[in-house]
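Encoded as structure tokens, the structure appears first; notes follow it.
The values are calculated or read from the model by the stated rules, or taken from the named source; none is laboratory data. On a predicted model such as this, the values are computed, not experimentally measured, just so you know. Cβ: placed from backbone, ideal geometry, glycine included. Neighbour counts: every protein chain shown.
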Amino acid sequence: MRPILVAAALLHSLAVPAAAKARWPAAWYGHTNEVLCVAVSPDGTRALSGSRDQTVRLWDAQTGKPVAVYSGHASPVIAVAFTPDGKTALSASDRLALRAWDVQSGKEVLSIPDRTPQLYTAEFSPDGTKVLTGGSDRTVREWDAATGKELAFWSGHTGYVQAVAFSRDGSKVLTGGGDSEIRDAKTGEVLVTLQPPTGLALDVDFSPGASLVLTATWEGALKLWDARTGALKAVWKGHDKPVTWVVFSPDGALALSGGNDRTVRLWEVASGRQIRLWSGHAAPVRSVAFSPDGRRALSASDDGSVRLWDVAKALEEDAKKRR
């Protein structure tokens, strides 16, 4: 789904500091460069991360221990996902090389070489059969995840396409950049244009029922939209630098965001209230994800780490404070 941005500074070292080791398994290390994307398996037991080091890593989501390293990509990995049954790990690079591995055996089951100029964003459909991409050519393209065949080509954006997302049922597509649109996933017809203009949207997501949309913006705000009308409902402020990633919780009651300010933030959707700010990353946060039960969250960062956050505990502590 998501944008790949140039880091503010080159990484001088990704060696694991002693203090970070002491916090295991809250911080997971293994990648040798910026971590650009993260996903959690449908049963919550495994996690995937993709990196500028051109590898995909499989983690035990309960302990943080590394399970496998999948290699073969020749450029940064910008999207990872599990198939709905959790048995296959999927990945896409910024040149749309597609690779997949059997989670149980570690055997590579799909390898499609680079297909396009550099992409800014890619996301797998909920059923794992398609890949949606966007880039500097201002187009959105849909691809067959098993063959690499182009299925659809949609133009009309006024600027670079920085972010793409499928609705949870796969029937709609949300795109973001200088402008943001909702399209019918089958026909490509523009159903709604978010108005007023979103500003530069670096990431986008549908709520579980596709009635709401969140955009993460360059100016550091999160914007909540009515997906049926395209009207702006609320602006959430907290990040003081660009927000790079946003995602709704599985039940739609919460949202998670990460940004260039190196923080991960938990929000209450109904009120727009910030429930928790988590810090610990030493560089911009590039991706965030909820566990399927919504009780935990993962974040990926330019500091080379994946971090685990306790959402359930944050909610309990917030409830106590508000009594």
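Assorted remarks:
- Residues in region 168-185 that are under 14 Å from GLU142 (Cβ atoms) and of a type in the set (Ser, Thr, Tyr): 2 in all.
- Residues in region 255-290 that are part of a loop (DSSP other than H, G, I, E, B), in contact (Cβ under 8 Å) with a residue 40 or more places away in the chain and farther than 22 Å from THR121 by Cα: VAL269, GLY272, GLY280.
- Taking first residues from region 78-95 that are without any contact (Cβ under 8 Å) to a residue 40 or more places away in the chain and partners that are buried (at least 17 other Cβ atoms within 10 Å of the Cβ), the Cβ contacts under 6 Å between residues at least 6 apart in sequence or on separate chains come to LYS87/VAL103; SER93/HIS73; SER93/VAL77.
- Pair list, Cβ < 7 Å and 6+ apart or interchain, from region 292-305 residues that are closer than 20 Å to PRO84 by Cβ to residues that are among the small types (Gly, Ala, Ser) and surrounded by fewer than 24 Cβ atoms within 10 Å (Cβ to Cβ): PRO292/GLY44; ASP293/GLY44; GLY294/SER249; LEU298/ALA289
- When ALA100, ALA74 are checked against the criterion of being under 19 Å from the mean Cα position of the chain (by Cα) and hydrophobic (A, V, I, L, M, F, W, C), ALA100 stands alone in meeting it.
- Test: PHE248 is aromatic (Phe, Trp, Tyr) and in contact with an Asp or Glu (Cβ under 9 Å, 6 or more places away or on another chain): yes
- Scope region 235-254; condition farther than 17 Å from CYS37 by Cα and assigned to a strand (DSSP E or B); matching residues: VAL235, TRP236, LYS237, LEU254
This table checks each residue for (1) surrounded by 15 or more Cβ atoms within 10 Å (Cβ to Cβ); (2) small (Gly, Ala, Ser); (3) touching a Phe, Trp or Tyr at 6+ places or on another chain (Cβ under 8 Å).
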residue	(1), (2), (3)
VAL35	yes, no, no
VAL38	yes, no, no
ASP53	yes, no, no
ASP60	no, no, no
TYR70	yes, no, yes
VAL77	yes, no, no
ALA81	yes, yes, yes
GLY86	yes, yes, no
ALA89	yes, yes, yes
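- When GLY209, GLY148 are screened for being under 19 Å from LEU119 (Cβ atoms), touching a Lys or Arg at 6+ places or on another chain (Cβ under 9 Å) and of a type outside the set (A, V, I, L, M, F, W, C), only GLY148 passes.
- Of LEU151, LEU224, all but one fail to be under 23 Å from ALA297 (Cα atoms) and surrounded by fewer than 24 Cβ atoms within 10 Å (Cβ to Cβ); the exception is LEU224.
- Any hit, region 247-258, residues being over 18 Å from the mean Cα position of the chain (by Cα) and surrounded by 19 or more Cβ atoms within 10 Å (Cβ to Cβ): no
- Under the condition of being surrounded by fewer than 19 Cβ atoms within 10 Å (Cβ to Cβ) and either of a type in the set (D, E, K, R) or part of a loop (DSSP other than H, G, I, E, B) (or both), the residues counted in region 295-323 number 10.
- Counted residues, region 29-45 - those being under 13 Å from HIS281 (Cβ atoms) and either modelled with pLDDT under 95 or in a strand (DSSP E or B) (or both): 3
- Only one of the listed residues (LEU222, LEU214, LEU232) is within 25 Å of TYR160 (Cβ to Cβ), over 17 Å from the mean Cα position of the chain (by Cα), at pLDDT 95 or above and not acidic (Asp, Glu). That residue is LEU232.
- Residue within region 196-211 that is at pLDDT below 95, over 21 Å from GLY259 (Cβ atoms) and surrounded by fewer than 23 Cβ atoms within 10 Å (Cβ to Cβ) present: yes
- Test: ASP127 is assigned to a loop (DSSP other than H, G, I, E, B), among the acidic types (Asp, Glu), modelled with pLDDT of 90 or more and surrounded by fewer than 18 Cβ atoms within 10 Å (Cβ to Cβ): yes
- Total residues in region 101-112 satisfying the condition of being in contact (Cβ under 8 Å) with a residue 24 or more places away in the chain and more than 22 Å from TRP28 (Cα to Cα): the figure is 4.
- Residues of region 26-72 that turn out to be closer than 20 Å to TRP278 by Cβ and of a type in the set (D, E, K, R), as a count: 1
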